[in-house]
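What follows is calculated from the coordinates using simple rules that are stated; it is not laboratory data. Treat the numbers as computed from the prediction; the structure is a model and nothing was measured. Reconstructed Cβ throughout: ideal geometry from the backbone, glycine too, with neighbour counts over all protein chains shown.
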Ligand code: HEM
């Protein structure tokens, strides 16, 4: 098997990374190793892991172009799905641990804490992306698939706003995510302008 073919098969490594992350998280929660405020810690860990998979999925196209390995594109779907999975867990932790499934409290939080509304909007935008991530949906939607999936950039931008808006003292985490987002989008823009000039 050639190196590039092996790269395509490497998408399974992403499933392994996602599964191991989840097992580690579940084990830490079950063994009560999440510190004095386990609910908050779970919210932070699931949010972090979801955002990390999301950024990884965004970085794959520029990376594939950089190393001329189009098969790397096959990694995008598992990375995106694991991002969605962890952000669903993030939402569940919020629903159970922060507002106890109360609609009244949800409305209150959405109004009083705008960063929650921004996070919710980002999560809602991920739903159609996850639902149309299959090969069949891609074939059926044709060109519209690409347009729809550009929403992932809006999700990443909203994710950054969600983080920047909740920062109290420690800017490092939110700043790092935002910097990585800007670098990824910047690298795509550089490629796009190079492409336009070359054509
Ligand atoms: C309905 C959707 C969402 C809700 C209700 C929500 C809620 C929250 C809450 C309450 C926290 C803060 C935990 C605390 O300090 O007590 C948090 C943190 C976080 N959220 Fe969300 N979130 C949502 C969507 C998202 C999305 C879509 C992303 C990523 C794209 C995201 C990424 C993060 C990250 C990375 C943190 C950790 C920040 C840190 O480490 O300081 N969240 N979220």
The chain: most fluctuating residue of 185, 147, 93 per GNM, C-alpha cutoff 10 Å
147
With the chain treated as a Gaussian network of Cα nodes joined by springs under 10 Å, which of 87, 71, 55 yields the largest mean-square fluctuation?
71
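Enter the per residue convex hull volume of the stretch 6-112, computed from alpha-carbon coordinates, in Å³ rounded to the nearest integer.
Working: hull volume 12.3 nm³, N = 107.
Here the figure is 115 Å³ per residue.
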The stretch 55-98: spread of alpha-carbon positions along the three principal axes, whole Å, largest first, is 45, 13, 6
Quick one: if you stick a label point 7 Å off each Cα along the C-beta vector at residue 112 and residue 15, how many nm between them?
4.4
Residue with peak Gaussian network fluctuation, the chain [Cα springs, cutoff 10 Å], from 57, 102, 117
102
Helix 151-166 against the longest principal axis of the chain: what's the angle in degrees, Cα atoms only, rounded to the nearest 10?
30
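Okay, helix-only estimate at 222 nm for the chain: each DSSP H run of n ≥ 4 adds -39500 (n - 2.57), divide by all residues, round to 500 deg cm²/dmol; what do you get? Display every interim value, and only then the final one.
On the way: 10 runs with 159 residues, N = 199.
After summing the helix terms and dividing by residue count, I get -26500 deg cm²/dmol.
Express in nm, to one decimal, how much length is gained between residue 135 and residue 92 on full extension, taking 0.36 nm for each residue of separation and deducting their alpha carbon distance.
Net length gain for the segment: 12.7 nm.
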Any chance you could give the angle, 0 to 90 degrees and rounded to 10, that helix 76-93 forms with the longest Cα principal axis of the chain?
10
Spin-label pair residue 183/residue 48, simplified geometry with 7 Å Cα→Cβ offset, distance in nm:
1.8
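Does the stretch 87-199 come out rounded, prolate or oblate by the C-alpha gyration tensor, with a ≥ b ≥ c the root eigenvalues, rounded set by a/c under 1.5 and, if not, prolate when a/b is larger than b/c and oblate if not? Provide the component values of the computation, followed by the final result.
On the way: a/c = 3.13, a/b = 1.44, b/c = 2.18.
The shape class here is oblate.
Can you tell me how the stretch 3-198 classifies by the Cα gyration tensor, rounded, prolate or oblate, using a/c under 1.5 as the rounded cut? Before the final figure, lay out the partial values.
Values: a/c = 1.77, a/b = 1.53, b/c = 1.16.
Prolate, because a/c is 1.5 or more and a/b exceeds b/c.
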Additional length obtainable on full extension of the chain from residue 148 to residue 103, 0.36 nm per residue less Cα span
13.2 nm
